[in-house]
1. Which one is nearest to ALA32 (Cα to Cα) among residues in the stretch 181-226 that are acidic (Asp, Glu) and either free of Cβ contacts under 8 Å to residues at least 40 places away in the same chain or touching a Cys at 6+ places or on another chain (Cβ under 9 Å) (or both)?
2. Restricting attention to the stretch 192-208, which residues are within 13 Å of ligand 1 (Cβ to nearest atom) and open to solvent by 30 Å² or more (accessible area, probe 1.4 Å)?
3. Out of LEU343, LEU350, which single residue is modelled with pLDDT of 95 or more, touching an Asp or Glu at 6+ places or on another chain (Cβ under 9 Å) and surrounded by 14 or more Cβ atoms within 10 Å (Cβ to Cβ)?
4. Within the stretch 141-191, take every residue that is assigned to a strand (DSSP E or B), of a type outside the set (Lys, Arg) and open to solvent by 50 Å² or more (accessible area, probe 1.4 Å) and give me the one that is nearest to ALA258 (Cα to Cα).
5. Take SER49 and tell me if it is at pLDDT 95 or above, touching a His at 6+ places or on another chain (Cβ under 8 Å) and small (Gly, Ala, Ser).
6. Quick check, is ALA405 over 19 Å from LEU282 (Cβ atoms), free of Cβ contacts under 8 Å to residues at least 24 places away in the same chain and aliphatic (A, V, I, L, M)?
7. For the stretch 10-36, which positions are more than 18 Å from the chain's Cα centre (by Cα), outside any loop (DSSP other than H, G, I, E, B) and of a type in the set (A, V, I, L, M, F, W, C)?
8. If a residue has to be among the small types (Gly, Ala, Ser), within 16 Å of ligand 1 (Cβ to nearest atom) and in contact with a helix residue (DSSP H, G or I) (Cβ under 9 Å, 6 or more places away or on another chain) to count, how many in the stretch 252-293 make the cut?
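The values are calculated or read from the model by the stated rules, or taken from the named source; none is laboratory data. Quick caveat, the model's predicted, so the values are computed rather than measured. With ideal geometry, Cβ positions are generated from the backbone for all residues, glycine too; neighbour counts draw on all protein chains shown. These accessible areas exclude ligands, DNA and RNA; they are computed on the full protein's heavy atoms, side chains included. Shrake-Rupley method; radii C 1.70, N 1.55, O 1.52, S 1.80 Å.
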Amino acid sequence: MLNYEDARALVFQNVKPLEKCTRPLTESQGLALSDDILAPHGMPSFDNSGVDGYAVQAQDLAQASAENPVLLENLGYIAAGDSVNEKVYSGQCMQIATGAPLPKEADSVVMKEDIEVEDSKIRYTQSIQAKENVRYHGEDIPEGDTIIPAGTVIGPVQIATLATFGFSQVPVHQVPKVSIVSTGSELIDVVGQPAEGQIRESNRFMLAGMVRQEYCEILKISMIPDLPELLNEEFEEALKADVTLICGGMSIGEKDFAREILKELGVEEIFWKIKFKPGKPLFFGRRGKTWVFGLPGNPASSYVLFEEFVRPALRKMMGRRVLEESMVKATLETPITKTYNRLHFMRGLLHEENGEFRVRPLKFQGSHSIGSLVASNALIRVEADSPSMPAGSMVSVRPLRNEIA
Ligand code: AMP
Ligand code: MG
């Protein structure tokens, strides 16, 4: 049986970024840039004022003081959005708004708060450094600089940067289309009233939510009983996606048909079963362009396996550089006494105290436990065959995006 590291390495070696395409800027959030973005021009794109004030030549004010005020002739007002042809020569100044273009020959701007108006003249009582209160062309971002490297996920700040440089279309990777099929004859829909032995299906909603967190597209989402003919049809349809998630029926029970049917449909098995808890019977395979993950039906198993295998695989397909959130070191608040001969990712509660992370494993760790999912915000890595760990031990923790009240 593969261990966690080798299984993940196999997934990451196999899965490749999807083709490049362009998308409208306004629809690009959450996608990854496929190419480096270089500044097509310097930013700011022209010299402009950083304050509301008066554009001057700094040397005119070199001797200015309360005892020795300097009077400069005011040529008028430049608003933001105006273009200026005027020049400010020695002995002159011009009122200017924040963001308005600096008149030629002026080299600094005195703040409005620091002057007094005397008819058509402006009275200055302080000297000023050249370049003060001016935002110079290219001082923020020089032309040609790599402003955003390929593989960066596009968020609000990236959108602003792309907008300011005029990228109305952005180069990205195509988004994986994902199918989700939950299997199990015991499953009923959320609106139903479960008869004895039945449960409401929940994993497909959870998995779809996780897929949406990665901004991937959901091609198909369904639920199907453990009947081979139906599974066969449903899987065939689901295999049209870039990523097919089959949930349940992956183990060795009498009605666990999923693996067999996937193989019948031509899915090549890359691995099945890993030395990992929760979620030993993880299946990974491919058919053509389609990657197939078979997740066990226990909610905590499919959740943790999605977090550790599917999420980073989706990110890789999207061309993202950052495949997952980094693990952090945290101090264990309560001991871990029970360990296994497989790596165990325990659900836990992570919090910060005086600038340090502390974590507490939840008491209940059953892989069927929905309660532990909604109560946890982190996964604690406990090595296979680890000796028990007293409170105060340092552990590796994967923070999860799950808000705890
Ligand atoms: P399986 O992996 O099919 O053997 O299912 C393992 C356990 O998870 C069983 O108790 C199932 O009832 C439960 N289960 C399977 N699929 C789902 C699902 N989609 N939603 C909620 N529970 C499920
Ligand atoms: Mg089942």
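1. Here is the first cut: in the stretch 181-226, the residues acidic (Asp, Glu) are 186, 189, 196, 201, 214, 217, 226.
Those left that are additionally either free of Cβ contacts under 8 Å to residues at least 40 places away in the same chain or touching a Cys at 6+ places or on another chain (Cβ under 9 Å) (or both): 186, 189, 196, 201.
Working: GLU186: 39, ASP189: 35, GLU196: 47, GLU201: 32 Å.
Per the stated criteria, the residue is GLU201.
2. Residues satisfying the conditions are PRO194, GLY197, GLN198, ILE199, ARG200, SER202, PHE205, MET206.
3. Values: LEU350 fails: touching an Asp or Glu at 6+ places or on another chain (Cβ under 9 Å).
After ruling out the rest, the residue left standing is LEU343.
4. Quick first cut of the stretch 141-191, residues assigned to a strand (DSSP E or B) only: 141, 146-148, 153, 169-173, 177-183, 187-188.
Narrowing further to those that are of a type outside the set (Lys, Arg): 141, 146-148, 153, 169-173, 178-183, 187-188.
In the following step, the residues that additionally are open to solvent by 50 Å² or more (accessible area, probe 1.4 Å) were identified as 146, 169.
On the way: THR146: 47, GLN169: 42 Å.
Looking at residues that are assigned to a strand (DSSP E or B), of a type outside the set (Lys, Arg) and open to solvent by 50 Å² or more (accessible area, probe 1.4 Å), I get GLN169.
5. On the way: at pLDDT 95 or above: yes; touching a His at 6+ places or on another chain (Cβ under 8 Å): no; small (Gly, Ala, Ser): yes.
So SER49 does not fit the description; no.
6. Numbers: over 19 Å from LEU282 (Cβ atoms): yes; free of Cβ contacts under 8 Å to residues at least 24 places away in the same chain: yes; aliphatic (A, V, I, L, M): yes.
The answer is yes for ALA405.
7. Selection gives LEU10, VAL11, PHE12, CYS21.
8. As a first pass, look at the stretch 252-293 and keep what is among the small types (Gly, Ala, Ser): 253, 258, 266, 279, 285, 288.
Still in the running and within 16 Å of ligand 1 (Cβ to nearest atom): 253, 258, 279.
Adding the requirement that they be in contact with a helix residue (DSSP H, G or I) (Cβ under 9 Å, 6 or more places away or on another chain) leaves 258, 279.
Looking only at that region, the number is 2.
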